[in-house]
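Notes to accompany the following structure.
The values are calculated or read from the model by the stated rules, or taken from the named source; none is laboratory data. Values in this document were obtained by computation on a predicted structure and should not be read as measured data. Every residue, glycine as well, gets a Cβ built from its backbone with ideal geometry; the counts of neighbours run over all protein chains shown.
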Amino acid sequence: MREPKRVLQKLLGSETAVQPFADTNEPLQQAVETFRDVVKCRKIREYVLNQFGFDLALKPETFYRLLDIPQINFIETTQRDLEVETISLKDSRDPNDPIAIGNLNSVLRELYASLFQIKQRISNDYPNAVLIKEMRAEQIDPVQQLAKTINLLHGDLTGYLLTGWKVGKIEKEFQSLFPKSSQAHPLRSTFPLIEHELELYREILKVQQKWQPLEIDLFEILRTHDGLTPLLENIQELGNRLWQIIYQSSDIRQCIDLVGIDFSDIQPLFDNDRVTLNPLG
């Protein structure tokens, strides 16, 4: 990199003096790369918030509620005698305690695993799901009841001959719930497929309830986006960037302190008023 000091000044902005960073004698090019990773983390956070409707820059109370998830709550530490001890974060922290970068990464890792499981389930078992572009969480039970009722109205010998008027009424109601899902109609023909597909939506609802503190609406994401791949990619990249920031900081600890990054608290990392960095730097 040519003139890393000049590049760093642009990244820090005109109101922050670059000379104290140069006086540390730490590699300024590495400082630039690390601070650019911080900027990228902020852009990912903003993109996910705008596109998918939830915030990956967790608030302390949100993280505390997520500690009901064992994979996030329990951490292993190695003692001096090399014995491994399992610690519950919920038992050792208050709801308003700051969130460390490592804490956030444990959330990202578990969230990625949950969403990837849903992605694989759709890809492997429901590649042609007929309701996925219109399904909402609150529709699962009503659809189950409609499919069950239309099944019961089918006579072994007479089919729907004697119950056609009732079936037509049910199909009209089902049509009103999913007007654009043409392959799901008529329900008298598709109800076995619909009942099978409802298993997927119950699984999605279970994952959504697991992550309720994030206020994530998986059904809306699946309705309005081309699957979960874009969200998964951004979660993975944010996790990678955060670890990269930690890894690179070993040689620029004074620069990290000067800019105001605190690995024990993610809030300054995502707050440009506390850690000022030019997004165009």
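Is it the case that segment 84-92 has a residue that's in a helix (DSSP H, G or I), among the basic types (K, R) and either touching a Cys at 6+ places or on another chain (Cβ under 8 Å) or closer than 22 Å to V207 by Cβ (or both)? Before you say what the answer is, go through the steps one by one.
Applying the first criterion (in a helix (DSSP H, G or I)) to segment 84-92 yields 89-92.
Going one step further and asking which of them are among the basic types (K, R), we end up with 90.
Narrowing the set further to residues that are either touching a Cys at 6+ places or on another chain (Cβ under 8 Å) or closer than 22 Å to V207 by Cβ (or both) leaves 90.
Yes - at least one qualifying residue is present in segment 84-92.
Filter segment 48-64 down to the residues that are in contact (Cβ under 8 Å) with a residue 60 or more places away in the chain, surrounded by fewer than 16 Cβ atoms within 10 Å (Cβ to Cβ) and not in a loop (DSSP other than H, G, I, E, B) and list them by number.
Passing the criteria: only Q51.
Please verify whether segment 46-55 includes one or more residues that are touching a Cys at 6+ places or on another chain (Cβ under 7 Å) and among the charged types (D, E, K, R). Walk me through how you get there before you give the answer.
Filtering segment 46-55 for residues touching a Cys at 6+ places or on another chain (Cβ under 7 Å) gives none.
Within segment 46-55, none of the residues are touching a Cys at 6+ places or on another chain (Cβ under 7 Å) and among the charged types (D, E, K, R).
Only one of L280, L232, L193 is surrounded by fewer than 18 Cβ atoms within 10 Å (Cβ to Cβ) and either on the phi > 0 side of the Ramachandran plot or at pLDDT below 95 (or both); which?
Working: L232 fails: either on the phi > 0 side of the Ramachandran plot or at pLDDT below 95 (or both); L193 fails: either on the phi > 0 side of the Ramachandran plot or at pLDDT below 95 (or both).
After applying the criteria, what remains is L280.
Is one or more of the residues making up segment 163-185 among the polar types (S, T, N, Q), exposed (fewer than 12 other Cβ atoms within 10 Å of the Cβ), in a helix (DSSP H, G or I) and in contact (Cβ under 8 Å) with a residue 24 or more places away in the chain?
If we filter segment 163-185 for residues that are among the polar types (S, T, N, Q), which is where we start, we get 163, 175-176, 181-183.
Those still in the list that are exposed (fewer than 12 other Cβ atoms within 10 Å of the Cβ) too: 176, 182-183.
Next cut, in a helix (DSSP H, G or I) only: 176, 182-183.
Restricting the remaining residues to those that are in contact (Cβ under 8 Å) with a residue 24 or more places away in the chain gives 183.
Yes, there is a match, as at least one residue in segment 163-185 is among the polar types (S, T, N, Q), exposed (fewer than 12 other Cβ atoms within 10 Å of the Cβ), in a helix (DSSP H, G or I) and in contact (Cβ under 8 Å) with a residue 24 or more places away in the chain.
Can L258 be described as surrounded by 16 or more Cβ atoms within 10 Å (Cβ to Cβ), under 30 Å from E134 (Cβ atoms) and modelled with pLDDT of 95 or more? Working first, answer last.
On the way: surrounded by 16 or more Cβ atoms within 10 Å (Cβ to Cβ): yes; under 30 Å from E134 (Cβ atoms): no; modelled with pLDDT of 95 or more: yes.
The answer is no for L258.
Can you spot a residue in segment 202-218 that is surrounded by 14 or more Cβ atoms within 10 Å (Cβ to Cβ), of a type in the set (F, W, Y), over 29 Å from F263 (Cα atoms) and out of contact with any strand residue (DSSP E or B) (no Cβ under 9 Å at 6 or more places or on another chain)?
Taking every residue of segment 202-218 in turn, none turns out to be surrounded by 14 or more Cβ atoms within 10 Å (Cβ to Cβ), of a type in the set (F, W, Y), over 29 Å from F263 (Cα atoms) and out of contact with any strand residue (DSSP E or B) (no Cβ under 9 Å at 6 or more places or on another chain).
Within segment 9-23, count every residue that is outside any helix (DSSP H, G or I), surrounded by 16 or more Cβ atoms within 10 Å (Cβ to Cβ) and either of a type in the set (K, R) or touching a residue at least 60 places away in the same chain (Cβ under 8 Å) (or both).
Kept after step one, since they are outside any helix (DSSP H, G or I), are these residues of segment 9-23: 13-18.
If we keep only those that are surrounded by 16 or more Cβ atoms within 10 Å (Cβ to Cβ) too, we end up with 16, 18.
Filter once more, so that each one left must be either of a type in the set (K, R) or touching a residue at least 60 places away in the same chain (Cβ under 8 Å) (or both): 16.
Adding up the residues that qualify gives 1.
Identify the residue in segment 85-101 that is more than 11 Å from Y64 (Cα to Cα) and modelled with pLDDT of 95 or more and, among all such residues, is farthest from the chain's Cα centre (by Cα).
The qualifying residue farthest from the chain's Cα centre (by Cα) is S88.
Please determine whether any residue of segment 72-80 is assigned to a helix (DSSP H, G or I) and more than 15 Å from the chain's Cα centre (by Cα).
To start, the set of residues in segment 72-80 that are assigned to a helix (DSSP H, G or I) comprises 72-73.
From what's left, more than 15 Å from the chain's Cα centre (by Cα): 73.
Within segment 72-80, one or more residues are assigned to a helix (DSSP H, G or I) and more than 15 Å from the chain's Cα centre (by Cα).
In segment 213-243, which residues are without any contact (Cβ under 8 Å) to a residue 24 or more places away in the chain, under 17 Å from I118 (Cα atoms) and either of a type in the set (V, I, T) or assigned to a helix (DSSP H, G or I) (or both)?
T224, E233
With the condition kept exactly as written, say whether any residue in segment 123-141 is without any contact (Cβ under 8 Å) to a residue 60 or more places away in the chain and of a type in the set (A, V, I, L, M, F, W, C).
no
Identify all residues within segment 136-156 that are in contact with a Lys or Arg (Cβ under 7 Å, 6 or more places away or on another chain) and part of a loop (DSSP other than H, G, I, E, B); write none if there are none. Before you say what the answer is, go through the steps one by one.
In the first step, residues of segment 136-156 are kept if they are in contact with a Lys or Arg (Cβ under 7 Å, 6 or more places away or on another chain); the result is 140, 150, 153.
Selection gives L153 alone.
Scan segment 30-40 and give yes if some residue there is outside any helix (DSSP H, G or I), out of contact with any helix residue (DSSP H, G or I) (no Cβ under 6 Å at 6 or more places or on another chain) and either surrounded by fewer than 20 Cβ atoms within 10 Å (Cβ to Cβ) or of a type outside the set (A, V, I, L, M, F, W, C) (or both), otherwise no.
Just the residues of segment 30-40 that are outside any helix (DSSP H, G or I), to begin with: none.
Within segment 30-40 (the criterion being outside any helix (DSSP H, G or I), out of contact with any helix residue (DSSP H, G or I) (no Cβ under 6 Å at 6 or more places or on another chain) and either surrounded by fewer than 20 Cβ atoms within 10 Å (Cβ to Cβ) or of a type outside the set (A, V, I, L, M, F, W, C) (or both)), the answer is no, since none of the residues qualifies.
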